[in-house]
Amino acid sequence: MSTLVYLIPVALFLGALGLFGFLWALRSGQYEDLDGAAERILIDRDDTPGTA
């Protein structure tokens, strides 16, 4: 029972830390362009016209 005294605050702290990280990612625009990175990986920068 005495272990719960330590585990419950640690679990609450880690949950709050995860929630804070998620909200920070939302506010900084991490989830605005979900398809852009998936499409950018398919573009080969070396095959642009005009380069030798």
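The values are calculated or read from the model by the stated rules, or taken from the named source; none is laboratory data. The model shown is predicted, which means the values in this text are computed figures rather than measured ones. All Cβ positions, glycine included, derive from the backbone under ideal geometry; neighbour counts span all protein chains shown. Side chains included, ligands, DNA and RNA excluded: accessible areas come from the protein's heavy atoms. Shrake-Rupley method; radii C 1.70, N 1.55, O 1.52, S 1.80 Å.
Summary table
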| item | result |
| --- | --- |
| Bins of 10 Å, starting at 0 and running to the largest distance - Cα pair percent for the chain | 19, 22, 21, 17, 12, 6, 3, 0 |
| C-alpha long axis of helix 2-27 to longest principal axis of the chain, angle in ° | 30 |
| Val5 versus Gln30: modelled label distance in nm, points set 7 Å from Cα along the beta carbon direction | 3.6 |
| Solvent-accessible area, 1.4 Å probe, carbon plus sulfur percent, for the chain | 66 |
